[in-house]
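What follows is one structure encoded as structure tokens, with my remarks underneath.
The values are calculated or read from the model by the stated rules, or taken from the named source; none is laboratory data. In this text the structure is predicted, and so the values were computed from the model without any measurement. Cβ atoms come from the backbone with ideal geometry, glycine included; neighbour counts cover every protein chain shown. The accessibility values were calculated without ligands, DNA or RNA, using every heavy atom of the protein model including side chains. Shrake-Rupley method; radii C 1.70, N 1.55, O 1.52, S 1.80 Å.
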Amino acid sequence: MQFIYGSEEQAVSFLKNITEKERVAIFSHDDVDGFVSGRVLHAAIKAEIVEFLDYDPHLAMNTLPQVKEKKINKVIFSDLKQEIKDIKEFAQSFQGKILILDHHEYTEDLNDEKLIFIKADSSSCAALIAYALLKKAGYALEHLDWLVGAAVIADYTFEQNRSFIQSLEEK
């Protein structure tokens, strides 16, 4: 898996260092890839908020009232192509840390001190990105690999991830 933007080490550290005391929100797309990505993230990280959303130019800012009300200190956005202006405004308004996992097109690197932005190439779906990073962070998620395989197929990234799919067939 190749990352266009972001540090795998930072993303793994973010995921590995989430404690039980932290209040986490997971927002993911409402398609198969987004659902699986959100489900895999939630299997590893018990979040206060798990929501599946459609694309919206103000998506991040629309979540802010709920994030503040629930006193969330870490937010994960997955498979949600977001407007750069919106995510920057959210990052300025939010007091905690943010992780974005995506494979959609972006025109700039959004990484800064508060935001870890993992943008993979389009041959990787968000579910596979989340699964791979969580496994590297030490989470045991093999029981969900078949679900990730379904997202790989549904997001038309089967050819690029043939070895992953074949490993599922061998089980």
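Quick notes on this structure:
- The listed residues are S7, S78, and the only one of them that is closer than 25 Å to S123 by Cβ, modelled with pLDDT of 95 or more and of a type in the set (S, T, Y) turns out to be S78.
- Within the stretch 1-24, residues that are loosely packed, with under 15 Cβ neighbours inside 10 Å have Cβ atoms under 6 Å from residues that are of a type outside the set (G, A, S) and at pLDDT below 95 in these pairs: Q2/D121, counting only partners at least 6 apart in sequence or on another chain.
- Any hit, the stretch 64-82, residues being touching a His at 6+ places or on another chain (Cβ under 7 Å), in contact (Cβ under 8 Å) with a residue 12 or more places away in the chain and either among the β-branched types (V, I, T) or surrounded by fewer than 14 Cβ atoms within 10 Å (Cβ to Cβ) (or both): yes
- Checked against the criterion of being touching a strand residue (DSSP E or B) at 6+ places or on another chain (Cβ under 7 Å) and either among the small types (G, A, S) or within 20 Å of D30 (Cα to Cα) (or both), the candidates A126, A132, A140 yield just one match: A126.
- Single residue of Y156, Y131, Y139 found to be in a loop (DSSP other than H, G, I, E, B) and either in contact (Cβ under 8 Å) with a residue 40 or more places away in the chain or surrounded by 18 or more Cβ atoms within 10 Å (Cβ to Cβ) (or both): Y139
- Matching residues in the stretch 97-118 - criterion: being open to solvent by 10 Å² or more (accessible area, probe 1.4 Å) and under 21 Å from I18 (Cα atoms): K97, N111, D112, E113, K114, I116
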